[in-house]
Amino acid sequence: MSAVAITFELELPTGAARPEHARADLTFYGLDHSGPSYEVRVFFNHPDAGPDTPLTAGAGFAGRFAVFGHGGCFGEEGHCDVRPPVSVFDRRLPHQLVPMVRVLTVTGAIDELLRADAQTVTVTAVPVVRSSPLASTDQAADVLVIDQVALHTYE
Amino acid sequence: MTVVTLPAQQLTQAPLSYRKNVAMLRAPQLAALRSAYTASMGVGDDRGWQYWAGIHGLPLPMYCQHHTPLFLAWHRAYLYYFELSLKEFEPAVTLPWWDWTSAWSHQVGVPLRYSDAEAGGQPNPLAGGPINPLAQQQAGPGAPGHTSRDPGNPADLPPADQISELLGRGDFLDFQQQLEAYHDAVHVWVGGTMAEIPLAAYDPVFFAHHTMIDRVWRLWQLRHPTAGVPADLLDEALPPFNITVAQTIEVTALGYDYASFSSRTTIGG
């Protein structure tokens with residue numbers, strides 16, 4: 001099932017004082033996991049990447065991660081709306097559909113860009129939804145929702 | 001971050017149960033496992049398969065904790081209680097783990113012991129499971145009555161070196177977040193109903209997968225004895241189980257541990 005990719009730009013560490021890094025992580029904040037399960041394939045500087053793009057460094061492939069989804073809403077209307085605590089005394093667990101965070105380690109791909117003295121990187125996140133016994137084509141189409149993405153490097 | 005390590009629980013006199021690698025199960029152990037699953041699937045009340053698989057997903061409420069700080073603790077409790085339910089049918093049974101990092105798994109994928117349609121001329125209960133009719137009803141038209149799998153390329157399963165790297169991480173929440181990423185990848189790799197939170201636990205391979213996840217957490221605990229779950233999580237309950245996060249920390253206090261291979265004999269008495 002096809003789904004819509006998201007493309008965005010990130011700044012890279014620059015300057016002569018840039019330290020060597022041992023690890024580089026892309027952190028995806030606010031990922032939706034209410035719908036079908038999906039895989040996200042991340043490409044650098046390949047904004048036209050899609051589900052059929054080869055998973056090779058030459059095609060800009062940087063890594064991938066999976067999201068185990070809730071498969072839709074099975075309650076009545078409003079059941080799957082993320083509801084905040086009703087008061088400071090609300091001891092219930094947070095709603096299960098609070099958007100999630102996922103970290104993708106992309107050290108090798110970032111190293112390549114820095115060696116080429118790149119200042120920025122165009123990141124394309126391609127969602128891939130396999131056939132599912134529960135998910136509809138409509139649910140699959142807009143499965144990828146991201147609030148923010150950050151690049152962190154560690155010495 | 002404030003972290004605490006609980007004092008080691010006092011070991012009981014009773015021998016621990018050892019969870020084993022599914023590839024290393026001896027024939028009687030595998031037979032006992034299959035017998036327990038068959039018996040569980042034959043009971044329709046809250047001792048049986050439909051009840052235990054349904055706790056994770058459908059029918060509502062879905063109790064499982066995913067993508068939250070309670071992921072590992074909740075699933076440790078789930079395995080513990082489910083394993084107890086199997087022991088009521090076969091007292092010596094323990095949940096085996098599927099090492100999806102092994103070279104063999106990277107060739108064949110799902111263990112043959114969980115994918116062969118038959119075992120000893122009988123249907124293999126580890127190859128799939130029936131889905132609760134109420135769960136089917138809540139899932140909507142077209143919901144399956146039995147589990148299915150659609151595995152990917154075995155070479156795409158998480159490799160051993162990634163788990164080795166993960167075991168070196170010193171912060172619990174960092175470790176848990178990344179372990180859950182590998183967990184998600186395996187669910188999606190198996191595909192079919194295993195890739196759907198509402199139905200995943202109706203597949204027996206779910207429990208072999210999660211026993212591997214629990215084992216990796218145990219290995220991390222042994223590697224980092226002074227690190228641990230953040231203090232503000234320890235008193236959280238793990239519904240529907242009557243256990244808190246703190247009570248899941250020490251597996252020997254829950255009566256089990258992990259060993260690649262285990263055999264036991266009784267001398268006298």
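The values are calculated or read from the model by the stated rules, or taken from the named source; none is laboratory data. Quick caveat, the model's predicted, so the values are computed rather than measured. Every residue, glycine among them, receives a Cβ derived from its backbone with ideal geometry; neighbour counts consider all protein chains shown.
The table that follows gives values for the structure above.
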quantity	calculated
Complete set of residues in the stretch B:84-100 that are closer than 20 Å to B:GLY44 by Cβ and not basic (Lys, Arg)	B:LEU84, B:SER85, B:LEU86, B:GLU88, B:PHE89, B:GLU90
Test: residue in the stretch B:231-241 that is at positive phi and small (Gly, Ala, Ser)	no
Hey, B:TYR37 within 30 Å of A:GLY69 (Cβ to Cβ), more than 14 Å from chain A (Cβ to nearest Cβ), of a type in the set (Ser, Thr, Tyr) and touching a strand residue (DSSP E or B) at 6+ places or on another chain (Cβ under 8 Å) or not	no
Subset of the stretch B:84-104 (residues that are surrounded by fewer than 21 Cβ atoms within 10 Å (Cβ to Cβ), under 17 Å from the mean Cα position of the chain (by Cα) and not hydrophobic (A, V, I, L, M, F, W, C))	B:SER85, B:LYS87, B:THR101
Condition met for B:PHE71 (in contact with a Phe, Trp or Tyr (Cβ under 6 Å, 6 or more places away or on another chain) and either within 20 Å of B:TYR258 (Cβ to Cβ) or surrounded by fewer than 19 Cβ atoms within 10 Å (Cβ to Cβ) (or both))	no
Scope the stretch A:26-54; condition within 15 Å of A:GLN148 (Cβ to Cβ) and either modelled with pLDDT under 95 or small (Gly, Ala, Ser) (or both); matching residues	A:GLY30
A:ASP138 being out of contact with any Leu (no Cβ under 8 Å at 6 or more places or on another chain) and at pLDDT below 95	yes
Cross-chain or 6+ apart pairs with Cβ under 6 Å, the stretch B:61-78 first and more than 12 Å from A:HIS70 (Cβ to Cβ) and within 12 Å of another protein chain (Cβ to nearest Cβ), then surrounded by fewer than 24 Cβ atoms within 10 Å (Cβ to Cβ) and of a type in the set (D, E, K, R)	B:PHE71/B:GLU180
Tally of residues being among the charged types (D, E, K, R), without any contact (Cβ under 8 Å) to a residue 12 or more places away in the chain and assigned to a strand (DSSP E or B) across the stretch B:230-269	0
Count - residues of the stretch B:209-229 that are within 13 Å of the chain's Cα centre (by Cα) and either farther than 17 Å from B:ASP150 by Cα or part of a loop (DSSP other than H, G, I, E, B) (or both)	9
Qualifying helices (runs of 4 or more DSSP H) (wholly inside the stretch B:96-207; at least 1 residues being facing chain A (nearest Cβ under 9 Å), under 28 Å from B:LEU58 (Cβ atoms) and of a type outside the set (Lys, Arg))	B:133-139, B:172-190
Total residues in the stretch A:94-136, condition surrounded by fewer than 19 Cβ atoms within 10 Å (Cβ to Cβ) and basic (Lys, Arg)	2
Boolean, B:ILE213 is more than 9 Å from chain A (Cβ to nearest Cβ), closer than 30 Å to B:ALA117 by Cβ and crowded, with 19+ Cβ neighbours inside 10 Å	yes
Matching residues in the stretch A:47-65 - criterion: being within 16 Å of the chain's Cα centre (by Cα) and closer than 12 Å to A:ALA5 by Cβ	A:PRO47, A:ALA49, A:GLY50, A:PRO51
